[in-house]
Amino acid sequence: MQSLCPWTPCKMITPLSFKPSTFSAFPFSKQLLLHKKSIASISSTRRGIVSYPSVMASSPSVSTTQKDAFSTQNDSTRKTQQPLQVAKRLEKFKTTIFTQMSSLAIKYGAINLGQGFPNFDGPEFVKEAAIQAIKDGKNQYARGYGVPDFNSAIAERFKKDTGLVVDPDKEITVTSGCTEAIAATMLGLINPGDEVILFAPFYDSYEATLSMAGAKIKGITLRPPAFSVPIDELKSAITKNTRAILINTPHNPTGKMFTREELSTIASLCIENDVLVFTDEVYDKLAFETDHISMASLPGMYERTVTLNSLGKTFSLTGWKIGWAIAPPHLTWGVRQAHSFLTFATSTPMQWAAAVALRAPESYYVELKRDYMAKKEILVEGLKAVGFKVFPSSGTYFVVVDHTPFGLENDIAFCEYLIKEVGVVAIPTSVFYLNPEDGKNLVRFTFCKDEETLKAAVERMKEKLKRK
């Protein structure tokens, strides 16, 4: 006979080693109660909490033998802890440093100058466009590679910025944030065993995604104070197996802007050795001291470059996760193949709003840069007054400093002290290197916060952080 309970009790409780006979001592109402509790128990067990229904212990209908058997089973299960499981290619990666530091910020009531998300909202005209798109019923799956109007807006913006004309339907792929654009590019264009060169320190997603693609990663370390590219070292790193070089300019976490000379040299090496370039340019509108140069705009480079970008940094809408990849058709094919099986499509109403954002007047970008330069000055001058050695930042909304004047053994220890004793969050940079020792003296602060927050953080550090 078909059960009246839509959850089919016997099947649901089998994972917890219940037997159908367990229910026989109860009227249906109690069977249903017990079953609901067993479902909650399963949910709790998946979260790592073992919790069994107490109804059995309290019901007069359950024999002592049944209680004892259940109790023994309960104790046994409590003692059994299953090991965490993860594929070998991801074994080395832990919870991201951003998650860890933001959690500590909440726990200790610290001012978060660590993770790079603004504590202020994006522009009203973009938010209103999203609301209108939702009201207009633009809420179903978008075309896999992007809403046509948004693809066109990206192409228009790219032409203004680089002078390059691209086909919005054949050369632009809209993704769920730049992080997905990075993943789709790596997974779609890199084969197991291919060598990919990174410039350290680097955004931690790069290494993890390349590991998923089975790539062999080579690191070239950029060193303070200027974080210049060591060209001879780069030349030596390129082999017949090198598939791509990954560039991030403006550069997170250092704020470095790759110079035209550096980019031209890298371009020549790529053409000479038939190497691709993946260039992450999410901070292109936050270039303070010199104009941003897109690698794809250099002679001979568009045909071998995937340009990655997003909406979040420029419009303070990081939670929308709207990104894109621009590449010639022969490279776009691989990106789209991976994208199709990662997310397939990106939020439809947000794409319509993003199209409005990218068509903002140039005055928006001028004001954006002016506001961030003011924030940067507050933080940089404040950090210098506290006693840090502050390295130049020409772009992004990050500043890297040397923490060693304060006597802590490494960047991790310093950041923990800063949170717990001072009440300010920074990010240790050692997690951004293949060799953590290279970053042990450096920490990163962000200035994508309102001016009052930045000033409050500086005051806390002036009051509580003392040089050793």
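FYI, it's all coordinate maths here, none of it is from the lab. Note that this is a predicted model, so its numbers are computed, not measured. Glycine also receives a Cβ, built like all others from the backbone with ideal geometry; neighbour counts cover every protein chain displayed.
Observations on the structure shown:
- Convex hull of Cα atoms in segment 331-426, direction-averaged projection (nm²): 10.6
- Protection proxy ranking, peptides 170-177, 113-120, 318-325, 435-442, average beta carbon neighbours within 10 Å, highest first: 170-177, 318-325, 113-120, 435-442
- Two-site label geometry, Ser297 and Thr95: point separation in nm, points 7 Å out along Cα→Cβ: 4.2
- Between Glu421 and Ile106, the FRET efficiency from the beta-carbon distance, with R0 = 22 Å, is close to 0.85.
- Within a straight-line Cα-Cα reach of under 17 Å, Lys138 can be paired with the following aspartates and glutamates, leaving aside sequence neighbours fewer than 8 residues apart in one chain: Glu128, Asp149.
- Taking every DSSP beta bridge that has both ends in segment 244-337, the antiparallel portion is near 30%.
- Percent of beta bridges antiparallel (DSSP, segment 190-293, rounded to nearest 5): 5
- Nonlocal amide H pairs with Thr221, under 5 Å, H built at 1.01 Å: Ala200
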